[in-house]
1. Given the options Ser141, Ser335, Ser407, state which has the largest fluctuation in a GNM of the chain using a 10 Å cut-off (strictly under) for Cα springs.
2. Starting at the first residue of the stretch 353-360, write each ³J(HN,Hα) from the Karplus equation 6.51 cos²θ - 1.76 cosθ + 1.60 with θ = phi - 60°, in whole Hz, x for Gly and Pro.
3. Summing +1 for each Lys or Arg and -1 for each Asp or Glu, what net charge is found among the other residues whose Cβ lies under 13 Å from the Cβ of Ala355?
4. Hey, in the GNM for the chain with a 10 angstrom Cα cutoff, which one of Thr189, Thr13, Thr329 fluctuates hardest?
5. Can you tell me, using C-alpha contacts under 8 Å and at least 6 residues apart, the relative contact order of the chain as a whole percent?
6. Which residue, Ala112, Ala258, Ala378, has the most motion in a Gaussian network model of the chain that connects Cα atoms within less than 10 Å?
7. If packing is taken as the average count of other Cβ atoms within 10 Å, what order do 99-109, 286-296, 408-418 fall into, highest mean first?
8. For a paramagnetic label modelled at 7 Å from the Cα of Arg138 toward its Cβ, which residues of the stretch 175-195 fall within the zone defined by backbone nitrogen distances under 15 Å?
Amino acid sequence: MTQLEAAREGELTPVLCGIAEAESLAPETLRSRVARGTVVIPANTNHTNLEPIGIGEGLRIKVNANLGTSSVENDLEGARDRLRVALEAKADTVMDLSSAGDLDAVRRVLLADSPVPFGTVPIYQAAVEAVNRHGDLRAMSADDLFEVIEKHAQDGVDFITVHCGLTRSSLAEVRGGDRLTGVVSRGGTFTACWMLAHDAENPLFEQYDRLLEIARAYDVTLSLGDALRPGCLADGTDRAQVAETVVLGDLVRRARAAGVQSMVEGPGHLPLDQVVANVVLEKQVCDGAPFYVLGPLVTDVAPGYDHLTSAIGGALAGMAGADFLCYVTPAEHLSLPTEEDVREGVIATRIAAHAADIVRLGERAMAWDIEMAKARQALDWPRQFELAIDPARARARYHPGGPGACSMCGQYCVFGLLDEKARPAGR
């Protein structure tokens, strides 16, 4: 029985009750949201070291970190190091996007190291294996793809990105339109290449019931991928993107009917004034399904700083109702991220998520900021470091500037000037 099916039966599972406690919610409130599908609990029955979380309505916004190997840097230990850094920076979930090496071994090692929900994009492995066997990703068969999906589910993967909403009709919108950047989703591109080569419908759409059977057997959450997300501001909210979103809404309803948990992925690159509209559109068309966004990046001209362009869009999206933010690192559009890039990306995205949660959750989120304000007023530096979203960075950047003050204001610290009581140095 999946978490969705248990919730519909009125069951308060131990997993659900633990999440409710962590989120300061009544278990029955959370159960009703899981039953409606507005909250998902990615928790594969085979992920034995998992510490489950919830994603969706009324919950703290969660942050994902993408990891893995590439054809340029095929280093399992490097991928493990990046996973360690992501967990230290408090990413809520991770995804293995590996495209090189022994992909089964990489996934299993990273999954064993991961106590947080673990995601994959199975078509990556299916395409890579087709290239290795036949020299062409288009040689992949539908059965090859479904075999990989089932293997990931058996291994304990908690959620999978599947580009089921890319249909022949929506792909025609791209090919016949005036997009500047075409299809920028890697999984979407693999799928589109296969569809065009075989002059056939997307097998994940055509055989969606087959996918649902696998997902239900292991309680894998489907992350319905946005193959046609905009890759630049100029392509934002175009006909192709909207057409895919409409299809995804139908697939959400079919998944729920089959007892399978699902969430929906979203853009991408968007101008600021389109971010809220995109969240509202997804929530309306997809019946409140949890919304998982990459960014959105709100300008195209900041390579090296796209963790910032993403955080700006992510904060706005979260405030409007997005539930799950995929991090973007300073290396986006440039290279495979380093450990430091991973840390920067997770922290920037957590800042965006928390900024949105202050609006979204009110006092439940604001309590953290209230405690920091009290510590600053008291010039309690150890407490400030403890409360900081990145304690190590805060400690490293601190430089004393006199009794109780930092070097910015020194003897003219506002808190010191207005306090008649002398404070000990370093406090």
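1. So, out of Ser141, Ser335, Ser407, the one fluctuating most is Ser407.
2. 4, 5, 4, 6, 5, 4, 7, 6
3. Working: positive: Arg60, Arg350, Arg360; negative: Asp357, Asp369.
Value of the local net charge: +1.
4. Thr13
5. Numbers: 867 pairs, mean separation 62.5, N = 427.
Relative contact order of the chain: 15 percent.
6. Judging by the Gaussian network model, the answer is Ala378.
7. Values: 99-109: 17.3, 286-296: 25.3, 408-418: 12.5.
Packing proxy ranking, top to bottom: 286-296, 99-109, 408-418.
8. Answer for the stretch 175-195: 189-195.
We did not get these values from a lab; they are worked out from the coordinates using the rules stated. All values reported here derive from a predicted model rather than from experimental measurement. Here Cβ is always computed from backbone atoms with ideal geometry, including for glycine, and neighbour counts include all displayed protein chains.
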